[in-house]
Amino acid sequence: MAAPPRRPLLVFLAGLLLVASLATLAEAIYEDQVGLADWHQKYIGKVKQAVYHSQKSGRRRVVVLTEENVLSSLDLRSGDIFWRHVIDKNDPLDQLSLSLGKYVITLSSGGTILRAWNLPDGQMIWETNLQTSTASDPQLLIMSNNKVAKDNLVLVSAGRWIYAVSSIDGAISWEKEFSFDGLEIKQVFQSSENDIVYAVGISGSSKLALYQLSAKTGEILKDVQESIPGELCGEVVLGSDDVLVALNKARSSLFLIEFKSERISYNKVHLSDLVQDLSGTFKLQSLSNGIIALQTSSAVSLLKLKGTDGLEVVQRFDQPAALSDALTITEKDEAFAIVQHVGSQIEFLVKFTSDISSESIREKVNIDQNRGNVEKVFLNSYIRTDKSHGFRALVVMEDHSLLLIQQGEVVWSREDGLASIVDVTTSELPVEKDGVSVADVEHNLFEWLKGHMLKLKGTLMLANADEVAAIQALRLKSSEKNKMTRDHNGFRKLLIVLTKAGKVIALHTGDGRIVWSNLLPSLRASRFGGIPSALRIYQWQVPHHSVMRENPSVLVVGKSGAESSAPGVFSILDSYSGEELNSMKLDHSVVQIIPLTLKDSSEQRLHLIVDSNSNAHLYPKSPDALDVFLHEMSNLYFYSVDIQTNVIRGYSLQKSCDINGDEYCFGTKELWSIIFPSDSERIAISETRKMNEVVHTQAKTIGDHDVMYKYLSKNLVFVATMSPKAAGDIGSALPEEASLVAYLIDAVTGRILHRVTHHGAQGPVHAVLSENWVVYHYFNLRAHRFEMAVIEIYDQSRADNKDVMKLILGKHNLSAPITSYARPEVVVKSQSYFFTHSVKAMAVTQTAKGITSKQLLIGTIGDQVLALDKRYLDPRRSANPTQQEKEEGIIPLTDSLPIIPQSFVTHSHQVEALRGIVSIPAKLESTTLVFTYGVDLFYTQLAPSRTYDSLTDEFSYALLLITIAVLVAAIIATWIWSEKKELRDKWR
Amino acid sequence: MAPPRRFLLALAAVLLLSFSLTAAAFQSDELLLNDDEEFEGVGARPAAPSPPAAPTVSSSRRRSAEATSAGVGESNAVQFTLEHDLGGGEGFTPAGTFSARLKTSAHGTQTLTKLRFTRNELTEDEKDAFKKLLQEDGFYTIRLPSNVLDPTRKDNVVSSIKARCIPRDSLDEHIVIHMDGVNVLAVNYGSVGGCQYPRPVKFPSKWTFSSYTILKTAEQAPRTPSFVDQLLEADNGLGEVIKPPEKSFWAKYWMYIIPLGLIVMNAVTAAANIPEEQAAGQGQPGARAPAAAAARRR
């Protein structure tokens, strides 16, 4: 009698136990979740100098210096980064060289800081500070064949100074300051036979000075000065052993200067005799054996020096071409490379300077058309298997990408334009079409089965190490995450980024791969004169209802020159394919771009572009858009922040414009202005709410069941000004002199809603504005710490809506329209807290409906992103919160904000040179997508209040099914047993 | 319109009387406190259209009673002009005059106090222009010099409002001037009440302005609380931990006691039932049949 009842119970208990044990197992998995929803990509930026390891060191590596101020060692076989240093922006790297085959020498900060790095691992060996007048063009020369105690001296010249530094320990072995007035040393070179160093300098515009120095002591052996008639522009190269070639200021002629004899003698050659087209940029480059290359914007000419008598053109390349430096191959011979475009291919030529007319290598290489022109070439030689000389070259393209070319092929390429992202937007992926079977997505059934077998093995803990790795790889590239279709949760999107080079690249959020890229022709320097710059990228068309069949598109706005009055360029791209749908050159400049919330009938977003004459131009230029716009025009206002003149102005739009006959052009009328007195305040930052931000609730219920109404205005602008003395670095101003004033301004009427002064505060200021609050970060000089302050603004005019009777009787003003013209009654609450880090960027999480609590995303000085709960920055925190306040979730007041190591979003990664953080709402309310960019890229998903609305990926559905099955079985068993028992009872 | 006027006058008379009690001669600025934020309602007082005066510092230095008593410094009278633009392409014309006292504090910083505002009477042309502005729903724009002492600077702070927001019985306006020392940062011009879209055309019954002006300066941010001292004290002290008040036995253990009680009660009733049944079973063997019958009936 006793045994039967216990059996189902036991089964049930066993089931429970199983569930519990597996649940704890699932909880413990944490570290391998890294990389499932996030990715991190490392870049270096556009390469400006490269040096190869010598043959002897054996390893195939190259050390590069980039425009993003990165020093990096790359693997020549794969393009992977061995090591990398991102140097601070205010210490720009100028020169790079190798010494003794094991040190990388860099010269930075205008010739004042010389550093040596260990070649294999990139550790810094030594650093020497040199006292020089900072020069624009410091030179670095590593002396070879110098047998001073087996040490190679490093010569640094900057301005009037020359330093010789030991490359072993960085000790200065001699220094020399030339007393010649206004001298700037342009070239330092070593004589090939003896220990003599030549220094060529220019003083003023016409004085040329030449010094011979002893390499061992720095003693001046000989100095000659000579006046050159006509002005020198400062470009001087060494033509051959005893001839200098200098360019004059008008860029019309060259001086050939013989310097080895007692007196300087020179000869003038007119450039027009040699080269016809001399417009645009102009560069002289010396190859050895008397060969000089002259690069203009349209062609490259190779010139041969005939003593000081003259020059003759040896060869000319009319296609856009790039030229490498000369590379020593044998004692007498040097090689150089030319890369030029031939049709859709590029041609890679290697020539020897001894025989300029023939080529050693002529190879045609197919490259992606979206990479633009070749900008730089770095040649390297290697010994082939048949003991002959082979050549390969690193090629820097117009889109900042880096390619390695060898044997007529692109061995690898790096998309380093992604290191200089200017702006980011997102696009949804296409909706999944019906009829896509599993087999299409997975490659075939066998692969699919194999994957599942592996997973099963992993679950049953039968997998060996290789299989575990395979499972991890499978999980990482799980097709579900990387599909090119829209998903239910809105996690899969395209991140469309605009880079400095004018290239638009779409990245998949699943794994960060490049879906498409397009180097915009309108933003390429070769098309128009001047240097175009990419400005912003916006969503142009987001199809919803009527035009569901069309692809979404993005708008790229740039300008075709550096100055503010340069005409703008406008380009529209398909978000799915990257194809350029429309491109135009605007006939006005671009000062401000205002995306409107209005859409025309084809769902194109209306954009207003304000030019430098304060006229607003409407885009798209269609009658339909104009109708929509004119209807809303009287309610449109905009403002501009002029940091130069310290003024904020608000404008409304008027129908007429200065340009007659252009109905898409609108005049503006100044409605309000705020003038900050320039002697006491300078605008440091202005911040506004994100246009797409959604706020869930207008009211905030506080602990004692009272209600506070948030002041939610899309027109709220936060402006911070600083006293002019505090504009410099921290420490440059006394606490008494420094102050920061924070303003909250209504951008329609120019009303200052709140104004508060922080004495003893100094920038840099970073701020983020969201809902009804603003958080800003600054340095407190009195407390010697960084601070974060919060201002929350509440609407008092709605405060008397709390009466239930009023609500029932309809005597409330909740549904009354809000107008900016009414005088707002606002209440402001503020508080400030100490914060340990200095900040590089700040953002706030955005979710689809705005229900999820907010987190601040703070880019710290360590290039990581910290997620800080907004609750810590609540102005209502008090030292001893009451019971009610505790229930509300108010954290007791502390003087500093906590930094919890687990709340670093980037976990162990660093996003080097972090510049921006973008938060994109997913469809799932709890989750937001965070994209961080700098030199590196990092993407992750974040759930500020945990994933309360979905099961995690790790959730075991099998376990759930097993549990249900066990429970059903238990129910059936107990039912059968009870039936049986009942029957037995009846028969008793 | 007359009764409110009369009331205002009466009020002014009462105020005047109270002033005259404290000081021998009437000076309206005597009673006002030295407050950063001043609010002064100046009724639409018809004033002679003053010449379009540039901001001037009057040369006659009057010592205010406060200044002498505090001995802080001297105060000068300052005047500056409010200009308005009624559209129609005529540009800005003088519309009123602000007069205030310039006070120099011990630190050498200058502040304005006792701001008073006099509106000029609207001329017929201006009335017409205003009517036109109302009809076409245009902007009424005012401006002030950005520095009240330095008239040579050409910077002006501007503020606008839809003209239809202003008319009530008279023309009601509300001016907030944000100051930083002697610099006017911004002026906020607005109507007294709300002004919701769509704005109907409404003409005032009286073409005079009733103005309210406020002078505002920046607030000081509170200092960041620092708990370092308190923490040190806590460390030095004996670390007294305030114990939460002791809960009663019942409050602490009720969740155990109730189930226990239920179990005990259950057990007791069960124990009471079993002997009874057993006794019944032993005593009456024939009782099984009715029990089975009862079961069958179920």
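We did not get these values from a lab; they are worked out from the coordinates using the rules stated. Just so it is clear, the model here is predicted, and its values are computed rather than measured. Neighbour counts run over all protein chains shown; Cβ positions are idealised from the backbone, glycine included.
Summary table below
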read-out: Residues whose placed amide H lies under 5 Å from that of A:GLU787, excluding near-sequence neighbours; value: A:TYR778, A:PHE779, A:ASN780, A:PHE835
read-out: Label-point separation in nm, A:ASP658 to A:ILE531, each point 7 Å along Cα→Cβ; value: 2.8
read-out: Cysteines (scope chain A) whose Cβ has no counterpart Cys Cβ under 4.7 Å; value: A:CYS233
read-out: Where labels lie 7 Å past Cα in the beta-carbon direction, separation of A:VAL411 and A:ALA848 in nm; value: 4.8
read-out: Contour excess over end-to-end distance, with Cα ends at A:GLN276 and A:ASP88 and 0.36 nm allotted per residue; value: 63.4 nm
read-out: DSSP H segments from chain A that extend 24 Å or more along their own axis, Cα-based, with Kyte-Doolittle mean of 0.0 or above; value: A:3-28, A:957-987
read-out: Gyration tensor (alpha-carbon) shape descriptor, the stretch A:838-954, a/c threshold 1.5; value: oblate
read-out: Residues with amide H under 5 Å from that of B:VAL157, placed H, sequence gap 5 or more; value: B:LEU144, B:SER146
read-out: Burial ranking of peptide ranges A:304-313, A:565-574 (average Cβ count within 10 Å, highest at the top); value: A:565-574, A:304-313
read-out: Karplus (6.51, -1.76, 1.60) ³J(HN,Hα), θ = phi - 60°, over the stretch A:870-887, in Hz, Gly and Pro reported as x; value: 4, 4, 5, 9, 9, x, 8, 5, 9, 4, 10, x, 6, 4, 5, 5, 5, 4
read-out: Cα-based shape type of the stretch A:117-261, given that a ≥ b ≥ c are square roots of the gyration tensor eigenvalues and the cut on a/c is 1.5; value: prolate
read-out: Rounded FRET efficiency, nearest 0.05, which uses the C-beta distance separating B:ASP137 from A:VAL342 and R0 of 56 Å; value: 0.30
read-out: Extended-chain gain in nm, criterion 0.36 nm per residue less alpha-carbon gap, A:ASN715 and A:GLN883; value: 56.8 nm
read-out: Mean Cβ neighbour count within 10 Å, used as a protection proxy, ranking A:39-46, A:680-687 highest first; value: A:39-46, A:680-687
read-out: Integer Hz, Karplus 6.51/-1.76/1.60 couplings in order for the stretch A:558-567, x for Gly and Pro; value: x, 9, 9, x, 7, 6, 6, 8, 5, x
read-out: The stretch A:639-758: C-alpha gyration tensor shape, a/c 1.5 cut-off, then a/b vs b/c; value: oblate
read-out: In sequence order, calculated HN-Hα J values of the stretch A:310-320 (Karplus, 6.51, -1.76, 1.60; Hz; x Gly/Pro); value: x, 10, 10, 7, 8, 8, 9, 10, 8, 6, x
read-out: Estimated dipole of the stretch A:838-954 in Debye, rounded to 20 [Cβ of Lys and Arg +1, of Asp and Glu -1, Cα centre]; value: 300
read-out: Sum of side-chain charges, A:ARG362 neighbourhood, beta-carbon under 15 Å (Lys, Arg +1; Asp, Glu -1); value: -2
